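The values are calculated or read from the model by the stated rules, or taken from the named source; none is laboratory data. Note that the structure is predicted; figures quoted are calculated from it, not measured. Backbone-built Cβ (ideal geometry, glycine too); neighbour counts: all protein chains shown.
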Amino acid sequence: MTRFEVGVGGWEHDCCDPELSRFTSVKWTVIPVAHGRFVETHHGLDDSEGLKVVEVVGTVVQLEATERDGSRTPITRIPSGRALRGMDGEDAGDVIGMHTDRVVVVSDDGFIVTVEVRD
């Protein structure tokens, strides 16, 4: 098994992404970025103009929030984009620390999702 760190967040997640939780399956298109990481994307792929787009199919094994100071905090889930924007009447959109139950203040950079894929 191989693990990939994938950046998720910003306007793309806010737009239309669903809630993410550990041990769920994902099938994403990602773009490689610095330091061996990837960024999930699903908008404008026809206009990628030479960017290498990779498909990642695997299982979410870890979720982290990138806090305003740049630190990473393990979290229980990533709320849907609608919930994060306060537009979901059934979900307050709170991001909760994995072992602390505290509300985590997420930076604009969003979240890091570790996805495990079969070799």
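Please find, within the range 1-37, the residue that is farthest from THR66 (Cα to Cα) out of those that are surrounded by 12 or more Cβ atoms within 10 Å (Cβ to Cβ) and among the aromatic types (Phe, Trp, Tyr).
Once the filter is applied, the top-ranked residue is TRP28.
Take the residues in the range 102-119 that are under 21 Å from THR24 (Cβ atoms) and charged (D, E, K, R); name whichever of them is modelled with the highest pLDDT. Please lay out each step first, then the result.
Pass one, the range 102-119, residues under 21 Å from THR24 (Cβ atoms): 104, 106, 110-119.
Of the ones still in play, those that are also charged (D, E, K, R) are 116, 118-119.
On the way: GLU116: 97, ARG118: 91, ASP119: 84.
It comes out as GLU116.
Of all residues in the range 73-105, how many are assigned to a helix (DSSP H, G or I) and touching a His at 6+ places or on another chain (Cβ under 9 Å)?
Kept after step one, since they are assigned to a helix (DSSP H, G or I), are these residues of the range 73-105: 81-84.
If we keep only those that are touching a His at 6+ places or on another chain (Cβ under 9 Å) too, we end up with 81, 84.
Total meeting the criteria: 2.
Pairs under 9 Å by beta carbon, first residue under 12 Å from ARG77 (Cβ atoms) in the range 8-23, partner assigned to a loop (DSSP other than H, G, I, E, B) and among the aliphatic types (A, V, I, L, M), six or more apart or different chains?
Sorted first by the residue in the range 8-23, then by its partner, the list stays empty.
Could you tell me whether the range 52-67 includes any residue that is under 24 Å from ARG118 (Cβ atoms), touching a Leu at 6+ places or on another chain (Cβ under 9 Å) and surrounded by fewer than 16 Cβ atoms within 10 Å (Cβ to Cβ)?
In the first step, residues of the range 52-67 are kept if they are under 24 Å from ARG118 (Cβ atoms); the result is 52-64.
Applying the additional criterion that residues be touching a Leu at 6+ places or on another chain (Cβ under 9 Å) yields 53, 60, 63.
Still in the running and surrounded by fewer than 16 Cβ atoms within 10 Å (Cβ to Cβ): 53.
Yes - at least one qualifying residue is present in the range 52-67.
Please specify each residue of the range 57-72 satisfying the condition of being within 22 Å of ASP14 (Cβ to Cβ), more than 13 Å from the chain's Cα centre (by Cα) and part of a strand (DSSP E or B).
Selection gives GLU67 alone.
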